[in-house]
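**Q** Sending over a structure as structure tokens; questions will come in a sec.
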Amino acid sequence: MTTTSLGAREMERRLGFAEHAERGRRARQLSLWRDSLLGAAWLVTVAGVAFFFASGAMAWTAPVDAVNALGRFTGLVATALILFQMGLASRAPWIERALGHDKALKIHGSLGEPVFYLLVAHAALLVVGQGSLASRGILDQTAWYLAHSRDIALSILSLALLLIVGVTSVAAVRRRWPYETWHAIHLFTYAAIALAVPHQFGVGSTFSSSTPAKVFWIALYVIAVGSLVIWRMWMPLYRAARHRLRVMRVERHDDGTVSVTVGGRNLHYWNAHAGQFFIWRFLTPELWATAHPYSLSAAPDGRSLRITVKPLGDDSLALRRLRPGVRVVAEGPLGRFHHDSRVGRGVVLIGAGVGITPLRAMLEDKRAQRGECTVILRASTYLEAPLLDEIRQLAVTQGATLYEVIGPRGKGWSTPDGPQSLSQIIPRLSTCDVFVCGPEKWSARVKADARHHGVPEEAIHAEEFAW
Ligand SMILES: Cc1cc2nc3c(=O)[nH]c(=O)nc-3n(C[C@H](O)[C@H](O)[C@H](O)COP(=O)(O)OP(=O)(O)OC[C@H]3O[C@@H](n4cnc5c(N)ncnc54)[C@H](O)[C@@H]3O)c2cc1C
């Protein structure tokens, strides 16, 4: 383990009031975005429920009416949640500003199960409810729907597709599949959503009977589908054409990682921050079909963007075969793992293995004031510590303190003979922001250590290289 550093007091004097005020302004802005998003979600929910009640759904004359009303209500809530899920996966800037990509995807994923159960309840309650009104059993009613209602037959197909997507998204099942296969099945969702639309307007009494309700529901679809089309399809293609992204350089490193530098025109318009990632698609016969997230491994300079990748599977391995001139499509910048998310005074950048890449970029970033960064590089051997020479050099130029914690696993996040806690090596840890990037379990130990020593939750920032 080795060290170099500048005094904490000197660091504090330089920070000054202005930077603190600026942080306060950013924190207020962030909560404004979050509150607005939450407010919008509540507004949509209240409006949806109001339209449901206004449609006379609660005018029950017999218990079966309650069954049918509940059947319609569960369908309404499930569809509203699905549209919300689409918004969360759209990578739209307001989602990105309010939540950051990984949090948005976590919420997206966590809504999958409730949506699944609500849709099954929706179908079951209406088959039973409508069947009992027509004196038909469950199978007869289902057969009747398939034979007499095209819209409902389509929605039954939609439910079958969503059940497949639901089952394959269960973690235990998902882990067994290559990411690409899982992702391809996940795309069934869009077909399922489209197949369910006709019965919502054709059969669903909430939206077929009232024009304001119909306009409201169509508007929700336009916002959800529109965000996806614009931010997941149109913008990446438009930007690739406008900025003419191309591979400029491919460097293979001794530790097996490869750095790819992508150049283009007016990249500063993207306002990418060191620490952020993009979802990259390299337009070669081998790689064009899949896009992968990789973090920037150097601070963006307005002319180029660099990533450094450890081969993990086919596509990350294939990057070493890239040649200068290859066209690139990049979605982003994404993630809130950067200096503008800071709320504290000092900065701790701690990464394991290839997880050091975004932290190396943050160390180089001009927003990092000289002497305020502490970098902790964790790896089992020096061969698994990418970009080490660059990090050592940057630590000197940035006056940062660098700890190389190399060796076998110890109890916590460190080695048996290394520092057993962040507080041992970082004075005033509780006033710092801690940026951690590495394998999930290891990051969890670092975060627990930081929390244990008083680092507030909003000052702990984690990036995980797996979704
Ligand atoms: C936000 C983020 C930033 C990342 N930054 C870097 C980086 O700077 N350097 C680096 O070496 N790696 C990084 N990764 C990990 C990198 O994306 C995966 O290693 C890569 O996608 C593996 O693809 P593959 O085809 O080679 O391997 P596969 O064998 O297909 O997959 C290996 C693992 O990677 C995951 N994975 C595969 N494809 C994707 C995908 N499109 N999206 C998300 N996960 C996927 C799979 O779930 C699987 O666990 C990052 C991941 C995330 C989520």
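The values are calculated or read from the model by the stated rules, or taken from the named source; none is laboratory data. The model shown is predicted, which means the values in this text are computed figures rather than measured ones. We place every Cβ from the backbone using ideal geometry, glycine too, and count neighbours over all the protein chains shown. Ligands, DNA and RNA are excluded from the accessible area calculation, which covers all protein heavy atoms including side chains. Shrake-Rupley method; radii C 1.70, N 1.55, O 1.52, S 1.80 Å.
**Q** If you count, for each residue, the other Cβ atoms within 10 Å and average over each peptide, how do 255-268, 83-96, 181-194 line up from highest to lowest? All intermediate terms of the calculation are to be shown ahead of the outcome.
**A** Values: 255-268: 18.1, 83-96: 20.6, 181-194: 15.4.
Ranked by mean Cβ neighbours within 10 Å, highest first: 83-96, 255-268, 181-194.
**Q** R0 = 45 Å: FRET efficiency of Ala160 with Val250, Cβ-based, nearest 0.05? Spell out each step's value before the answer.
**A** Working: r = 45 Å, r/R0 = 1.00.
Computed FRET efficiency for Ala160 and Val250: 0.50.
**Q** Here is a follow-up. Using the crude model of +1 on Lys and Arg Cβ and -1 on Asp and Glu Cβ, and no other charge, please compute the dipole size for the stretch 245-334 relative to its Cα centre, in debye to 20. Walk me through the numbers on the way to the answer.
**A** On the way: 12 positive and 8 negative charges, 71 e Å.
Result for the stretch 245-334 is approximately 340 debye, rounded to the nearest 20.
**Q** For the stretch 325-376, what is the Kirkwood hydrodynamic radius in Å, using each pair of distinct C-alpha atoms? Don't jump to the answer; show the numbers that get you there.
**A** Values: mean 1/r = 0.0790 Å⁻¹.
In the stretch 325-376 this quantity evaluates to 12.7 Å.
**Q** Then there is this: Search the structure for amide H atoms under 5 Å from the amide H of Val375, placed 1.01 Å from N in the peptide plane, and list their residues when 5 or more places away or on another chain.
**A** It is Leu349, Thr401, Leu402, Tyr403, by chain and number.
**Q** What's the center-to-center distance, using Cα atoms, between the stretch 178-204 and the stretch 364-387 in Å?
**A** With the stretch 178-204 and the stretch 364-387 each reduced to a Cα centre, they are spaced 44 Å.
**Q** Same structure again: Accessible area of the stretch 339-465 with a 1.4 Å probe: how many percent of it is carbon plus sulfur? Provide the component values of the computation, followed by the final result.
**A** Details: 2660 of 5050 Å².
The computed percentage sits at 53.
**Q** Please report the relative contact order for the chain, taking Cα pairs under 8 Å with a sequence separation of at least 6, and give it as a percent rounded to a whole number.
**A** Numbers: 751 pairs, mean separation 66.7, N = 467.
So the answer I get is 14 percent.
**Q** Counting Lys and Arg as +1 and Asp and Glu as -1, what is the net charge of the other residues whose Cβ lies under 10 Å from the Cβ of Glu458? Could you put the intermediate results ahead of the total?
**A** Working: positive: Arg342; negative: Asp433, Glu457.
With Lys, Arg at +1 and Asp, Glu at -1, the net is -1.
**Q** A further question on this structure: Residue by residue through the stretch 180-193, what is 3J(HN,Hα) from phi via Karplus (6.51 cos²θ - 1.76 cosθ + 1.60, θ = phi - 60°)? Round to whole Hz and write x for glycine and proline.
**A** Whole-Hz 3J(HN,Hα) from phi for the stretch 180-193: 4, 5, 4, 5, 4, 5, 4, 5, 4, 3, 5, 5, 4, 5.
**Q** Looking at the stretch 24-118, I'd like the Rg to Rh ratio, where Rg is from alpha-carbon atoms and Rh is Kirkwood's inverse mean 1/r.
**A** Working: Rg = 16.6 Å, Rh = 15.1 Å.
Ratio of gyration radius to Kirkwood radius for the stretch 24-118: 1.11.
**Q** What does the chain give for Rg and for Dmax, in Å, if only its C-alpha atoms count?
**A** Computed over the Cα atoms of the chain, radius of gyration and Dmax are 26.0, 82 Å.
**Q** For the charge dipole of the chain, defined by +1 on Lys and Arg C-beta atoms and -1 on Asp and Glu C-beta atoms about the Cα centroid, which residue among Leu83, Gly100, Tyr269 has the Cα displaced farthest towards the positive pole?
**A** Tyr269
**Q** Could you check the spin-label model distance between Arg451 and Ser380? Points 7 Å from the Cα along Cα→Cβ, value in nm.
**A** With each label point 7 Å from Cα toward Cβ, the separation is 2.7 nm.
**Q** For labels at Gln29 and Ser208 in the simple 7 Å Cα→Cβ model, what's the distance in nm?
**A** In this crude label model, Gln29 to Ser208 measures out at 4.9 nm.
**Q** Also, quick follow-up: As a test of understanding, state the convex hull volume per residue of the stretch 157-297 from its alpha carbons, in Å³.
**A** On the way: hull volume 25.4 nm³, N = 141.
Residue-normalised Cα hull volume stands at 180 Å³.
**Q** Here is a follow-up. State to the nearest 20 debye the size of the charge dipole of the stretch 194-302 about its Cα centre, where the only charges are +1 on K and R beta carbons and -1 on D and E beta carbons.
**A** Numbers: 10 positive and 5 negative charges, 92 e Å.
In debye, rounded to 20, the stretch 194-302 gives about 440.
**Q** Which distance in nm do the two modelled labels at Trp234 and Trp144 give, with both placed 7 Å along the Cα-to-Cβ direction?
**A** 4.5 nm
**Q** Further question: Using Cα positions and a limit of under 20 Å, work out the lysines in reach of Lys411, with same-chain residues fewer than 8 apart set aside.
**A** Here the lysines satisfying the reach criterion relative to Lys411 are Lys441, Lys447.
**Q** Using +1 on the beta carbon of Lys and Arg, -1 on that of Asp and Glu, and nothing else charged, what's the dipole of the chain about the Cα centre, debye to 20?
**A** Numbers: 51 positive and 36 negative charges, 178 e Å.
About 860 debye.
**Q** If N is the number of residues in the stretch 339-465, what value comes out of its Cα radius of gyration divided by 2.2 N^0.38 Å? List each step's numbers first, then the result.
**A** Details: Rg = 13.0 Å, N = 127, 2.2 N^0.38 = 13.9 Å.
In units of the globular-protein estimate, the stretch 339-465 measures up at 0.94.
**Q** Can you check what the net charge comes to around Arg320, using other residues whose Cβ is under 14 Å from the Cβ of Arg320 (Lys, Arg +1; Asp, Glu -1)?
**A** Local net charge: -1.
**Q** I would also like to ask the following. How large is the accessible surface per residue of the stretch 13-238, computed with a 1.4 Å probe and reported in Å² as a whole number? The partial results should precede the final answer.
**A** Details: 12300 Å² over 226 residues.
So the stretch 13-238 comes to 54 Å² accessible per residue, rounded to a whole number.
**Q** Looking at the chain only, what percent of DSSP beta bridges run antiparallel? Nearest 5 please.
**A** Working: 23 of 44 bridges.
Restricted to the chain, the bridges split so that about 50 percent are antiparallel.
**Q** What net charge is computed for the residues neighbouring Glu113, neighbours being all others with C-beta under 14 Å from the C-beta of Glu113, Lys and Arg scored +1, Asp and Glu -1? Show your work: numbers first, answer last.
**A** On the way: positive: Lys106, Arg174; negative: none.
Once positives and negatives cancel, what remains is +2.
**Q** Please report, to one decimal in angstroms, the Kirkwood hydrodynamic radius of the stretch 245-334 built from all distinct Cα-Cα pairs.
**A** Values: mean 1/r = 0.0775 Å⁻¹.
One decimal place: 12.9 Å for the Kirkwood radius.
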